[in-house]
């Protein structure tokens, strides 16, 4: 992967209407982002492709049989007992550290420290993990304190949580000047609280959902009783979730409001290993199919000490990870695939009082059991960010200096339609073609400025094809096709353009 400047990418996203800071006119709000016209189309294309490929199209499972997946759309606010049963009220916490000097707040497990090797009495300088600017500032502080430049071999690095009380007392926070201002780590629940009803009262407390999965589990019986699905089958949902992140960062990668694309796939307990492997490998291939290169993707199996409580004795948990610019040369999570065992259904059966009545009856085996679950859970916002990072390609030879090489299926605008000049009947022909193509695809009509500037605008938007109406169109009914990636130009008959575009967009 070529090095992509996040500053340049963020600037392009704002300039071209992919992503804006939420409430920007009032100074913004940390951890919240708005999608502009192009970003909305890009994210919608990603979600629609996921829904088409996972729910609407036929998948063939490891047993050679078609895979049944149905959809639900559950509410953001549910009965708070849902979150007690799932363990989120009591255990959905991150360790938090405050700085008494700067008033900044950090996740303790995201704080790293620099110190002079072998020095047990000097100062230690904290920085935020995976933040190059924070690391550079910490190193400059250390060198200023030591009063000399240091080689990498002179420096010790460790996690803030590994420091003793005495070492924390001599640690300077990332945004501080005085040692000892970072507090002891303490637990911080990540759920947003709200009140339901006219009166703010402890009995009316509810929560914005921190994940979409629990709505699926809570509706397991309803789906079974209202459809003809039988194990193995899946329930899919795309929707918003909210987590009061201690330190949202890295653009849209870690936000307080985000969107998930999630499947809970219910299986017989003895088939967990084959279904887990099938979903893990299928989901990895899917991300490649929409344009993320194999060199920037990896599958990482979780170690035993990082497994969630519901997966301790499961068939496995793995992350599909992407090499983002801010994680390079490392990777950041894009999607998780986990064997959740039967933990969630059992928890809800116990807490709602239905108990064994919620066990699934397997007619083929004539037995009752709680199905196990394989969960492929992907982030729509992280997926959109990965598509942006993958597409961003500096190209000094182009007027815009950059081209967004989206997979045609993901591209927000599929084609541009231009009259070469805004006269001689060309605009009328171009408008007719534009309206014909618009019946099936998102296309843009642009008659203004030079043709080079119009191509440059389409390059920044990631539009894969442009059709130009010129003098030859009026005499022989052909148009010029300009290909975004190769800059090749060819001619085709104007009446063949809709079919030609359909074929290339699938």
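For region 93-188, calculate the relative contact order in percent as a whole number, restricting contacts to Cα pairs under 8 Å that are 6 or more residues apart. It would help to have the intermediate numbers written out before the result.
Values: 172 pairs, mean separation 36.8, N = 96.
Normalised by residue count, the contact order of region 93-188 is 38 percent.
Report the FRET efficiency, 1/(1 + (r/R0)^6), for residue 184 and residue 277, where r is their Cβ-Cβ distance and R0 is 41 Å, rounded to 0.05.
On the way: r = 43 Å, r/R0 = 1.04.
E between residue 184 and residue 277, to the nearest 0.05, is 0.45.
What is the packing order of peptides 20-31, 342-353, 262-273, 381-392, taking the mean over residues of other C-beta atoms within 10 Å and listing the highest first?
Working: 20-31: 12.4, 342-353: 17.8, 262-273: 20.3, 381-392: 23.9.
In decreasing order of mean packing, 20-31, 342-353, 262-273, 381-392 become 381-392, 262-273, 342-353, 20-31.
Given a Förster distance of 45 Å, report the FRET efficiency between residue 204 and residue 227 from their Cβ-Cβ distance, rounded to the nearest 0.05.
Computed FRET efficiency for residue 204 and residue 227 comes out at 0.85.
What does the extension gain come out to for residue 23 and residue 100, with contour length at 0.36 nm per residue minus their alpha carbon separation?
Details: separation 77, 0.36 × 77 = 27.72 nm, distance 2.78 nm.
The span from residue 23 to residue 100 would gain 24.9 nm if fully extended.
Let me make sure I get this right: for region 4-141, a, b and c are the square roots of the gyration tensor eigenvalues over alpha carbons, sorted descending. Under 1.5 in a/c it's rounded, otherwise prolate if a/b > b/c, else oblate. Which is it?
Working: a/c = 2.05, a/b = 1.59, b/c = 1.29.
Verdict is prolate for region 4-141.
How big is the Cα convex hull of the chain in projection, averaged over all directions, in nm²?
Numbers: hull surface 120.2 nm².
Computing the convex hull of the Cα atoms and averaging its projections yields 30.1 nm².
Taking the beta-carbon count within 10 Å as an exposure proxy, list 200, 460 from fewest neighbours to most.
Values: 200 9, 460 20.
So the ranking, lowest neighbour count to highest, is 200, 460.
In Å and whole numbers, how far do the C-alpha atoms of region 413-505 stretch along each principal axis, longest first?
Principal-axis extents of region 413-505 (Cα, largest first): 29, 28, 23 Å.
How high is the FRET efficiency from residue 156 to residue 294, r the C-beta distance, R0 35 Å, rounded to 0.05? Mind dumping the intermediate values first?
Values: r = 36 Å, r/R0 = 1.04.
Taking R0 as 35 Å, the efficiency between residue 156 and residue 294 is 0.45.
What length, rounded to one decimal in nm, is gained on full extension from residue 167 through to residue 8, with 0.36 nm per residue of separation minus their alpha-carbon distance? The partial results should precede the final answer.
Numbers: separation 159, 0.36 × 159 = 57.24 nm, distance 3.84 nm.
Value of the extension gain: 53.4 nm.
Please give, to one decimal in nm, the separation of the simple spin-label points placed at residue 428 and residue 367, each 7 Å out from Cα toward the Cβ.
Distance between the two pseudo-spin positions: 7.7 nm.
Please report how far the C-alpha centroid of region 13-41 lies from that of region 120-145, rounded to the nearest whole angstrom.
32
Separation between the residue 147 and residue 270 pseudo-spin-labels, each 7 Å from Cα along Cα→Cβ, expressed in nm?
With each label point 7 Å from Cα toward Cβ, the separation is 7.5 nm.
Rg/Rh for region 93-188: what does it come to with C-alpha atoms and Rh from Kirkwood?
Working: Rg = 12.4 Å, Rh = 13.2 Å.
Computed over Cα atoms, the ratio is 0.94.
Stokes-Einstein D for region 376-442 at 25 °C, 0.890 mPa s, Kirkwood Rh over Cα pairs, in µm²/s? Walk me through the numbers before you get to the answer.
Values: Rh = 14.7 Å.
Stokes-Einstein gives a translational diffusion coefficient of 167 µm²/s.
State, to one decimal in nm, how far the label point of residue 395 lies from the label point of residue 196, with both points 7 Å from Cα in the Cβ direction.
5.2
Full extension from residue 442 to residue 327: what is 0.36 nm times the residue separation minus their Cα-Cα distance, to one decimal in nm?
Working: separation 115, 0.36 × 115 = 41.40 nm, distance 3.32 nm.
The span from residue 442 to residue 327 would gain 38.1 nm if fully extended.
Rule-based calculations on the coordinates, nothing more; no lab input. Not measured: the values here are computed from a predicted model. Please note: Cβ atoms are built from the backbone with ideal geometry, for glycine as well, and neighbour counts cover all protein chains shown.
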